[in-house]
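Right, one structure below, let's go through it.
The values are calculated or read from the model by the stated rules, or taken from the named source; none is laboratory data. Predicted model only: the values in this text are computed from it and were never measured. Here the Cβ is made from the backbone with ideal geometry for all residues, glycine too, and neighbour counts use every protein chain on show.
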């Protein structure tokens, strides 16, 4: 269970602040308790309500500082995503993002970088699909690591991209 003011990862919304723990804002007959989450990456002021017992969308605490440092130090040795059939690429990327596992986000980035190099050697362009998923994975990863390591996102991004 999370507490008010905790920073968490919520599905593909990335880093969120638990702003409140409250009854359903939608249905007064709903007996469940909800988290009121405010995404940290938005200036639009959006709010997410999700049941505490939510088992569909993964939620987790942010990495510890030690875990963040270890992850940042292991960028070049993190595993690539296995994509056995090209038609599964989008689904595999989507599952990796939804997992909320930073190592899998790195896997997307590393796999896309490797694919980009291979396609470039064939004088082909990297598909937008790959670029979009890599950008999202990078955004999730840098936002989390910048918070836990107390360093600017740009600095984290530079370190990751230099070691991918």
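General remarks:
- Test for residue 84: is it loosely packed, with under 13 Cβ neighbours inside 10 Å, outside any helix (DSSP H, G or I) and over 17 Å from the mean Cα position of the chain (by Cα): yes
- Test: residue in the stretch 88-103 that is exposed (fewer than 11 other Cβ atoms within 10 Å of the Cβ), touching a residue at least 40 places away in the same chain (Cβ under 8 Å) and within 27 Å of residue 3 (Cβ to Cβ): no
- Of the candidates 123, 131, the single residue that is surrounded by fewer than 18 Cβ atoms within 10 Å (Cβ to Cβ), modelled with pLDDT of 95 or more and not in a helix (DSSP H, G or I) is 123.
- Enumeration of residues in the stretch 148-164 that are in contact (Cβ under 8 Å) with a residue 60 or more places away in the chain, farther than 23 Å from residue 17 by Cα and either touching a strand residue (DSSP E or B) at 6+ places or on another chain (Cβ under 6 Å) or not in a loop (DSSP other than H, G, I, E, B) (or both): 159, 160, 163
- Scanning the stretch 104-114 for residues that are buried (at least 17 other Cβ atoms within 10 Å of the Cβ) and either more than 22 Å from residue 72 (Cα to Cα) or touching a residue at least 40 places away in the same chain (Cβ under 8 Å) (or both) yields 106, 109, 110.
- Residue, surrounded by the fewest Cβ atoms within 10 Å (Cβ to Cβ), within the stretch 1-37, restricted to residues that are on the phi > 0 side of the Ramachandran plot and under 19 Å from the mean Cα position of the chain (by Cα): 11
- Hey, residue 134 out of contact with any helix residue (DSSP H, G or I) (no Cβ under 8 Å at 6 or more places or on another chain) and either within 21 Å of residue 11 (Cα to Cα) or without any contact (Cβ under 8 Å) to a residue 12 or more places away in the chain (or both) or not: no
- When residue 55 is tested against (1) under 20 Å from residue 160 (Cα atoms); (2) surrounded by fewer than 17 Cβ atoms within 10 Å (Cβ to Cβ), just one condition goes unmet, and that condition is (1).
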